[in-house]
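K.L.:
First the structure, which I've put down as structure tokens, then a few questions once you've had a look.
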Amino acid sequence: MRVGLCHVEGWVGVIALSSALIPGTLVSCLRVTPVSSLTPAEHLLKPQLSLNVVGQKLMKGQTMELACEAAYGFSGARFFLYKDGRPSPVTSRLAPSRSPRAHFTFNDVSSANSGNYSCCYQVWIAGQRFNSSLSDPVNITVN
């Protein structure tokens, strides 16, 4: 069972989506809140950031892939990748259709790629833009 946010006549709530039914079929709408009172902290849980690397260590010259996954399985979200010490995102990606995650790939990494990375996602609900809080950081060390 996947969940997401529903929007019904100016109200937003958590919905349950069942893979046993037609994709996207509304099963129930819970915790309904007026759109005007929505705050990201209440409804957009922080995403999960993970490092995908072959082997135990990330070595100079390898390819590094970070995956950021939205809570609730949001699809079509825009994801932003941040590195400590930089005020703006390193990069951003729109998640592929029907996917709650985005992948950030860095080829031929070097020690300059070492550091703490975090991500967040952005969704549009009822014509309003909402940003999640940042994920827990992932420390990357390139040897």
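The values are calculated or read from the model by the stated rules, or taken from the named source; none is laboratory data. Keep in mind the model is a prediction, meaning the values are calculated, not measured. Cβ sites come from the backbone with ideal geometry, for glycine too, and all protein chains shown count toward neighbours. These area figures cover heavy atoms from the full protein model, side chains too; ligands, DNA and RNA do not enter into them. Shrake-Rupley method; radii C 1.70, N 1.55, O 1.52, S 1.80 Å.
K.L.:
Filter the stretch 110-120 for residues that are small (Gly, Ala, Ser) and closer than 15 Å to Leu49 by Cβ; which is surrounded by the most Cβ atoms within 10 Å (Cβ to Cβ)? So that I can check it myself, show each step before the final result.
P.N.:
So in the stretch 110-120, the residues small (Gly, Ala, Ser) come out as 110-112, 114-115, 118.
Imposing the further condition that a residue be closer than 15 Å to Leu49 by Cβ reduces the set to 115, 118.
Values: Gly115: 17, Ser118: 21.
Among those that are small (Gly, Ala, Ser) and closer than 15 Å to Leu49 by Cβ, it is Ser118.
Condition check ((1) in a loop (DSSP other than H, G, I, E, B); (2) among the aliphatic types (A, V, I, L, M); (3) open to solvent by 30 Å² or more (accessible area, probe 1.4 Å)) across all residues:
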residue	(1), (2), (3)
Gly76	yes, no, yes
Phe79	no, no, no
Pro89	yes, no, yes
Ala102	no, yes, no
Asp108	yes, no, yes
Ser133	yes, no, yes
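K.L.:
Looking at (1) modelled with pLDDT under 95; (2) under 14 Å from Asn139 (Cα atoms); (3) outside any loop (DSSP other than H, G, I, E, B), can you tell me which one Gly85 breaks?
P.N.:
Here Gly85 clears every test but (3).
K.L.:
Enumerate the pairs (first residue in the stretch 103-116 and in contact (Cβ under 8 Å) with a residue 24 or more places away in the chain and under 13 Å from Glu65 (Cβ atoms); second residue anywhere and of a type outside the set (S, T, N, Q) and open to solvent by 70 Å² or more (accessible area, probe 1.4 Å)) with beta-carbon separation below 7 Å, excluding pairs fewer than 6 apart on the same chain, so at least 6 apart or on different chains.
P.N.:
Final answer for the pair search is Phe104/Arg93; Val109/Lys60.
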